[in-house]
1. Select from segment 70-96 the residues that are in contact with a helix residue (DSSP H, G or I) (Cβ under 9 Å, 6 or more places away or on another chain) and assigned to a loop (DSSP other than H, G, I, E, B) and write down the one among them that is farthest from Ser251 (Cα to Cα).
2. Give me a count of the residues in segment 63-79 that are of a type in the set (Ser, Thr, Tyr) and open to solvent by less than 40 Å² (accessible area, probe 1.4 Å).
3. Output the strands (runs of 3 or more DSSP E) that fall wholly within segment 129-201 and possess 1 or more residues being touching a residue at least 40 places away in the same chain (Cβ under 8 Å) and aliphatic (A, V, I, L, M), or say none.
4. Only one of Asp36, Asp20 is among the charged types (D, E, K, R) and either part of a helix (DSSP H, G or I) or open to solvent by 90 Å² or more (accessible area, probe 1.4 Å) (or both); which?
5. Scan segment 177-199 for residues that are of a type outside the set (A, V, I, L, M), at negative phi and under 18 Å from the mean Cα position of the chain (by Cα) and report the count.
6. Please pick out the residue among Asp161, Asp82, Asp150 that is under 20 Å from the mean Cα position of the chain (by Cα) and open to solvent by 50 Å² or more (accessible area, probe 1.4 Å).
7. Please determine, by comparing only the residues of segment 237-249 that are of a type outside the set (S, T, N, Q) and modelled with pLDDT under 95, which one is nearest to Arg214 (Cα to Cα).
8. So, Val231, is that one under 14 Å from the mean Cα position of the chain (by Cα), in a strand (DSSP E or B) and not acidic (Asp, Glu) or not?
Amino acid sequence: MIGDLLDDVLQRISTLSEKDMVRILVALHDAFQERDIQIYLEDAALQTEVQAFRWSGEIQAVDDGQDYLMAVNTNLQGGKSDAKIQQTIQYSATVSDDGTIIGTAVIERTHTGQEGEPLYGLNNVSYLRLYVPEGSELLDAGGFTFPAEDAFFVPEDWYGDSTHLADYEKEEGVHIGSGTRVTREFGKTAFGNWVMTPPGRTSKVFFTYRLPFRLWEERNVPKKDALASYVLFIQKQSGTHDNVRSAVSFSSSWSPRWVSKEGVRMSEHGVEEDGAMTEDRFMSVIMKKDF
């Protein structure tokens with residue numbers, strides 16, 4: 001089907017006017033930027049160029065001491081119900097007086113489909129992975145719903161472990177209480193668990209964790225007029241159009257002095273940003289210690 005369709009698309013493109021060709025190029029550029037389309041090329045040099053534009057879809061690396069967040073949902077036995085899911089992500093980072101950062105991510109998924117609706121009216125079964133800075137420690141998590149045992153198949157005797165996956169995914173353990181699986185993948189720590197959302201219902205899950213770095217060492221607590229910077233990079237899962245709210249808050253002795261872009265609101269002791277996430281989101285803030 002895809003091959004037949006491609007032949008027709010290529011034939012139509014060859015007869016387009018210059019004006020229509022420009023419109024297609026603009027639409028393609030927007031789709032690459034918003035990661036509705038990803039590119040993989042066998043030519044290594046060209047693929048390097050694609051990666052420079054962040055059009056290839058890899059989980060992005062960040063500098064040491066920078067915060068990172070990416071929520072990845074994988075639909076299993078849920079038909080096409082992802083098209084009916086509206087997802088909201090709320091992330092808050094709280095900086096303690098000793099420089100420790102506690103992150104809390106709350107993910108809410110609403111199924112707008114109707115039960116029995118062809119393709120879309122199925123129970124949305126998602127294995128959710130939250131990618132955070134490598135070495136983060138999961139403190140608490142909850143709200144998950146596990147599929148029934150008969151939804152899983154027993155592996156055949158001849159199945160073997162994938163050496164390819166083993167190179168990327170390292171098992172860290174399972175969080176007691178929530179059953180959240182903790183792994184290391186692609187230079188990040190990942191928290192994985194199940195979220196099931198029936199038609200007409202809303203699911204809400206949360207993860208609370210300690211980041212693996214401090215904004216300053218406990219023995220070097222900043223004095224009055226000192227500056228501290230916090231950087232957050234939120235990566236967008238391909239094909240999603242989530243609403244995302246992110247915030248960072250310091251103790252009462254700190255106040256924001258600079259933010260990296262318009263749309264980031266400054267409060268008395270922190271900053272926040274929200275809205276539809278059409279591209280990867282980067283936020284940086286400089287705080288000043290007032291007393």
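1. We begin by selecting, within segment 70-96, every residue in contact with a helix residue (DSSP H, G or I) (Cβ under 9 Å, 6 or more places away or on another chain); these are 73, 75-77.
Subset that is assigned to a loop (DSSP other than H, G, I, E, B): 76-77.
Details: Leu76: 42, Gln77: 45 Å.
Among them, the one singled out is Gln77.
2. Within segment 63-79, the subset of a type in the set (Ser, Thr, Tyr) is 68, 74.
Of the ones still in play, those that are also open to solvent by less than 40 Å² (accessible area, probe 1.4 Å) are 68.
Total satisfying the criteria: 1.
3. Values: elements: 137-142, 169-174, 181-185, 188-197.
Passing ranges, in order: 137-142, 181-185, 188-197.
4. Values: Asp36 fails: either part of a helix (DSSP H, G or I) or open to solvent by 90 Å² or more (accessible area, probe 1.4 Å) (or both).
Checking each option against the conditions leaves just Asp20.
5. Narrowing segment 177-199 to residues of a type outside the set (A, V, I, L, M): 177-181, 183-189, 191-194, 197-199.
After this cut, where a residue has to be at negative phi as well, the list is 178, 180-181, 183-185, 188-189, 191-194, 197-199.
Remaining after also requiring under 18 Å from the mean Cα position of the chain (by Cα): 180-181, 183-185, 188-189, 191-194.
Qualifying residue count, segment 177-199: 11.
6. On the way: Asp161 fails: under 20 Å from the mean Cα position of the chain (by Cα); Asp150 fails: under 20 Å from the mean Cα position of the chain (by Cα).
Only one candidate qualifies: Asp82.
7. Of the residues in segment 237-249, the ones of a type outside the set (S, T, N, Q) are 239, 241-242, 244-245, 247-248.
Keeping just the survivors that are modelled with pLDDT under 95 gives 239, 241.
Working: Gly239: 33, His241: 32 Å.
Among those residues, the one meeting the criterion is His241.
8. Working: under 14 Å from the mean Cα position of the chain (by Cα): no; in a strand (DSSP E or B): yes; not acidic (Asp, Glu): yes.
No, not satisfied.
The values are calculated or read from the model by the stated rules, or taken from the named source; none is laboratory data. Quantities reported herein were computed from a predicted structural model and do not represent experimental measurements. Cβ atoms come from the backbone with ideal geometry, glycine included; neighbour counts cover every protein chain shown. Heads up: the accessible areas ignore ligands, DNA and RNA and are worked out on the full protein's heavy atoms, side chains in. Shrake-Rupley method; radii C 1.70, N 1.55, O 1.52, S 1.80 Å.
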